[in-house]
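Take a look at the structure below.
The values are calculated or read from the model by the stated rules, or taken from the named source; none is laboratory data. Since this is a predicted model, take the numbers as computed values, not measurements. Cβ coordinates were reconstructed from backbone atoms using ideal geometry, including for glycine residues, and neighbour counts include every protein chain displayed.
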Amino acid sequence: MSEKLWAGRFKEKTAKIVETFTSSIDVDRRLYAYDIQGSIAHCKTLAKAGIISAKEAGELAAGLKKIKQEIDAQTFHYHDALEDIHTHIESRLAEIVGNVAQKLHTARSRNDQVALDVRLYLRDTVASIIQLLGQLQKVVVHVAKSHIKTVLPGYTHLQRAQPVLLAHHLMAYYEMFARDTERLQDCLARINVMPLGSAALAGTPHPIDRKYTAELLGFKKVSANSMDSVADRDFMIEFLSAASICMMHLSRLSEELIIWSSTEFSFIELPDAFATGSSIMPQKKNPDVAELVRGKTGRVFGNLMAMLTLMKSLPLSYNRDMQEDKALLFDAADILSACVEIIVQLLPKIKFNKTNMQAAAGEGYLNATDMADYLVTKGMPFREAHHCVGQIVSYAVRNRKEIHALSLAELQQFSPHIEAEIFDFLTTQQMIDRRTTIGGTATRAVKAAIKTAEKKLKNS
Ligand code: ARG
């Protein structure tokens, strides 16, 4: 059973330490279902080419299905000596179907086999992450919709800048997650290419129909160059890059949840079920979920860097270094899925403290720009208006008042253009609702953005 597939030319047994060192079974065993799916398609391709009989193909496929059941049922035995999942399955097949198992690897190498397996895995995984991101976008839109009247300060440099609707703030994340989805869809097109038949690196002399294999496995395309097919991992790098960008977005959202839940901000309250306490400080309610999403982001970035570094100096075609790719890939995909899933559950349970948000939006001279805009409507050039309002802000700061708390007479000392209407003009709601251009924070514009998003999500 543990006879090596490649033992023919070797006189000495492999050292135990080498077996352990080179084994990848602990990582790649999760590819088993894809490996078996690929092998069954390969049997059919061999039979179609007349390389094995239909009967033999049937026996091989039945044996492979039995192995799938064994692995599903966790009765399958693993050994380091068998290196990887491909070898494990082939060895077990020999035990089940006998000599005919020796024909399965005709016109195939583990190099194109592993390339196929990871492509099958990633195709499924990306499709399921796209689904999760669809749920996330729906949740974001849903929460945004219920906060079309909630106002908070918008920030730049983490300084209060201008008031915005909470719905507008949340819809910014909708846009990010929509682009993340598009990036993954783009990347799917390049994952969905069938490498089998490239064999070790040069292709195969056996007359197999690669398009038929692709059809059986639901691939859109057959890879065009056998060396590229076994040497290339850019489709993984592309995924890791898309995953990193999406994690960066999740991390920024998490960062905001962490800040907003602090006593200093008190903009939100996290649900008890999604927060944790401190073992020493009884009063603490910590935003660990958001912190871990932020923390795990670093791991995904690291995996992208590790994969780029892994590939950068490899001569064509396959090199064993590439075995390290799977741990990085699986880790990133697992983290991304878990993080999207937990944010989907967390977001709708957050309690937004509307009163505190509204109060914060009314303090800190957030209407200074609008005051300048007002003077512009009275014919003052913007630079001059900016300077004039700067002086008003300085006066207001000295008097510990907001601009709108100054009297008309005080305001008119700075410009005779200022009239009583200014007080309505400077209310938070009016400031928000004047920003009606596409993409602005006016209630009307945000409602339109939500409607567009809902339509897009319905059709996706
Ligand atoms: N376990 C190997 C990997 O993941 C499979 C391919 C092995 N090919 C080889 N020529 N040793 O990369």
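Annotations for the structure displayed:
- Filtered by the rule that a residue be assigned to a helix (DSSP H, G or I), of a type in the set (Gly, Ala, Ser) and either within 16 Å of the ligand (Cβ to nearest atom) or touching a Cys at 6+ places or on another chain (Cβ under 6 Å) (or both), the stretch 95-116 gives a lone residue, ALA115.
Quick grid of which residues meet (1) more than 30 Å from SER23 (Cα to Cα); (2) out of contact with any Phe, Trp or Tyr (no Cβ under 7 Å at 6 or more places or on another chain):
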position	(1), (2)
LEU316	no, yes
ARG320	no, yes
LYS351	yes, yes
CYS388	yes, no
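- Of all the residues in the stretch 66-82, those that are in contact with a helix residue (DSSP H, G or I) (Cβ under 9 Å, 6 or more places away or on another chain), modelled with pLDDT of 95 or more and either basic (Lys, Arg) or surrounded by fewer than 17 Cβ atoms within 10 Å (Cβ to Cβ) (or both) number 8.
- Identification of helices (runs of 4 or more DSSP H) wholly contained in the stretch 306-389 with 2 or more residues that are within 16 Å of the ligand (Cβ to nearest atom) yields 325-346.
- Scan of the stretch 262-285 for residues that are more than 19 Å from ALA338 (Cβ to Cβ), surrounded by 13 or more Cβ atoms within 10 Å (Cβ to Cβ) and free of Cβ contacts under 8 Å to residues at least 60 places away in the same chain, ordered by number: GLY277, LYS285
- The residues on offer are TYR173, TYR155, TYR212, and the sole one that is among the aromatic types (Phe, Trp, Tyr), surrounded by fewer than 17 Cβ atoms within 10 Å (Cβ to Cβ) and farther than 30 Å from ALA41 by Cα is TYR155.
- The condition of being surrounded by 17 or more Cβ atoms within 10 Å (Cβ to Cβ) and within 16 Å of the ligand (Cβ to nearest atom) holds for only one of ARG160, ARG119, that being ARG119.
- Residues in the stretch 134-148 that are surrounded by fewer than 20 Cβ atoms within 10 Å (Cβ to Cβ) and in contact with a Ser or Thr (Cβ under 8 Å, 6 or more places away or on another chain): GLY134, ILE148.
- No other residue among ALA47, ALA33, ALA81 is over 28 Å from ALA214 (Cα atoms), part of a helix (DSSP H, G or I) and more than 12 Å from the ligand (Cβ to nearest atom) apart from ALA81.
- Residues in the stretch 178-232 that are touching a helix residue (DSSP H, G or I) at 6+ places or on another chain (Cβ under 7 Å), of a type in the set (S, T, N, Q), within 16 Å of the ligand (Cβ to nearest atom) and not in a loop (DSSP other than H, G, I, E, B): SER229 alone.
- For GLY58: the one exception among (1) within 14 Å of the ligand (Cβ to nearest atom); (2) under 29 Å from VAL222 (Cα atoms): (1)
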